[in-house]
């Protein structure tokens, strides 16, 4: 900006800061957060440094005179480290309760614990000795950081098990964190040495765990707070889990509370919010969990998160910046998403230069324009979003944001369905949609083609080697070797990965198709209800809508997908390319047809997932809780409360040998 623009901006900033100072200190009625106000002050201070001739005595700024990363071995988690859905208000909490109440008749109480802002790790003990520690990674595969974890004195190298009651293998999960005092001391030392400091304690903890030399990790004074025991020890509540963690040698949380209802939960949330800054470590919310473990397991999962747990987050850190432009992205379903291009600013410890505006209805609600000064925050301290426009700082040069009439990628007309707020590209063959669909097709929860990421897909498209998903399975080693990034071994590895991915379950295949409104859980429900791709293709809209959790909108989307010739052509091309869809046939000849199974305890000869696969292969269903509709309870070592419930209800109990005899 030129000198005159700077002078005008400085004057407006001073007026705005004084306005909010008055609201805060005099009326006790702030309209924006402390972080946002500090951001305005910081901008003013920087401008006055650049143009010192505009500094005045009454300015708010004048109140006071004056080495390479280590490479760790990859570790596959025995049980995925799932994420937790977030909530940001009492309404979000009530909505969650309403959803889970429809799935159980049980009286619910809740166990609450602070959500420590650290690094999630999993600890594996064998015969009570710590043998492996792994980071969360992507939830399925993490990094082996055992040597560094051993340096943390709050982690026992041997579990306390005087009565030899623990099973051979015990898995503990928790959070590695750094206290505020240690964090401050570390940053001072790094600064003195001229090295880069850490943005926040979480980054410091993560960076310390990933040190090549464990002696450096030991100097960082990290701590560990345990929050879960993955192994089934027969405990009936999450409160009992925390008590057990303390018994076997872990620090298992401060400020824990059992709440009988949501009123108590929210009251406790507000209490912790008041004292969070006084705590020795950072917390960003409260984890709320259905306390009864049988009910928790019964509630199951949605997407990648258990239904019975929620992270109620504190208000996010807020700062101000300027919207320099708005671009429009096209997703795999054709939806147009406006994205604000921001003047780079640090929020919650990271630099942010873009923030989603979600849709054009949100732009209208915010009243946002290009050139506006806005308040941004990280939703759940992760996703940047615009929350407010400071309209008093407008200069009159701001520009309105218009809905494009044509797709920014293929120039096709833009359309808007009557029942939706989103605008879509009308061209079902839009290049941007095809590219995003290919990214989705090879993703981990779809065909999971290892080594085939977005950059490689882009390269294959640009070289004309693939146009659709089926073309991936026609690639040869000779196609890949001439390309950048591909030596002979890399080409061979990718072809092997593609061939390995050809066999896929029906649920994952459905998900990979990228049908609008169909996520992982919906894909599983479709696979279980229709048993084959052909049955699904022939299903009527009415039949689809009869399935639990599939309403008329989703049913119509699925039905419409299979009515389009190009989609049927793609499916046929995939099958012709050698894709094999594995389906658990559920005919009356199958020995488990119509039978309901529940598993409890640890099986020695196969994993829990393998046992479930056998049951489904023979036409049975697997449930997470015992009821009068349960036909068999399969019991391994160290069974939980399900075993007692089965005996109480008179349900047929199978030991591991009896179960194995059944599936031979």
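Each reported figure results from applying straightforward, stated rules to the coordinates on display, with no laboratory input. Here the structure is a predicted model, which is why all the values come from computation and not from measurement. Neighbour counts are summed over all protein chains in view; Cβ atoms, including those assigned to glycine, are modelled from backbone coordinates with ideal geometry.
Our compactness index for the stretch 58-191, the C-alpha radius of gyration over the empirical 2.2 N^0.38 Å, is 1.52. For the pair the stretch 249-309 / the stretch 611-646, the C-alpha centres are spaced 28 Å from each other.
With R₀ set to 45 Å, the beta-carbon distance separating residue 247 from residue 529 gives a calculated FRET efficiency near 0.50. When peptides 317-328, 167-178 are ranked by their average number of other Cβ atoms within 10 Å per residue, the highest-first order is 167-178, 317-328. Computed from label points 7 Å out along Cα-Cβ, the spacing between residue 341 and residue 563 is 4.0 nm. The modelled label-to-label distance between residue 240 and residue 90, using points 7 Å beyond Cα along the C-beta direction, is 3.4 nm.
Converting the Cα gyration tensor eigenvalues of the chain into ellipsoid dimensions via √(5λ) gives semi-axes, longest first, of 45, 36, 26 Å. The tail of the calculated P(r) for the stretch 515-637, taken as Cα-Cα distances beyond 18 Å, holds 62 percent of the pairs.
Which whole-number value in Å³ per residue fits the convex hull of the alpha carbons of the stretch 431-578?
With only Cα atoms used, the stretch 431-578 gives 100 Å³ per residue.
Between residue 543 and residue 467, the C-beta separation translates, for a Förster distance of 30 Å, into a calculated FRET efficiency of about 0.35. In terms of its Cα atoms, the stretch 3-62 spans 35, 20, 17 Å along the principal axes, sorted from long to short. Cα convex hull, the stretch 237-347: 187 Å³ per residue, rounded to a whole number. Given a Förster radius of 45 Å and the C-beta distance between residue 458 and residue 218 as r, what FRET efficiency does 1/(1 + (r/R0)^6) yield to the nearest 0.05? FRET efficiency, residue 458 to residue 218: 0.55. Using Stokes-Einstein with the Kirkwood hydrodynamic radius over Cα pairs, what translational diffusion coefficient do you get for the stretch 365-405 at 25 °C and a viscosity of 0.890 mPa s, in µm²/s rounded to a whole number? For the chosen part, D equals 214 µm²/s. Potential lengthening of the chain between residue 606 and residue 325 amounts to 95.6 nm, from the contour at 0.36 nm per residue minus the alpha-carbon distance. Normalised size of the stretch 76-313, defined as Cα radius of gyration per 2.2 N^0.38 Å with N residues, equals 1.04. Considering helices alone, the calculated mean residue ellipticity of the chain at 222 nm is -10500 deg cm²/dmol, with DSSP H runs of length four and up weighted by -39500 (n - 2.57) and normalised per residue.
Quick check: residue separation of residue 163 and residue 426 times 0.36 nm, minus the Cα distance between them. What number comes out in nm?
Full-extension gain reported as 87.9 nm.
Listed from fewest to most Cβ neighbours within 10 Å, the set 122, 540, 627 follows the order 540, 627, 122. Site pair residue 476 and residue 53 shows an inter-label distance of 7.3 nm when each label is modelled 7 Å from Cα along Cα→Cβ.
Sorted ascending by nearby beta carbons within 10 Å, beginning with the fewest, 160, 440 become 160, 440.
Evaluated on the stretch 596-663, the Kirkwood hydrodynamic radius is 11.7 Å, with distances taken between all distinct Cα atoms.
Ranked by how many other Cβ atoms sit within 10 Å of their own Cβ, fewest first, the residues 101, 492, 531 fall in the order 101, 492, 531.
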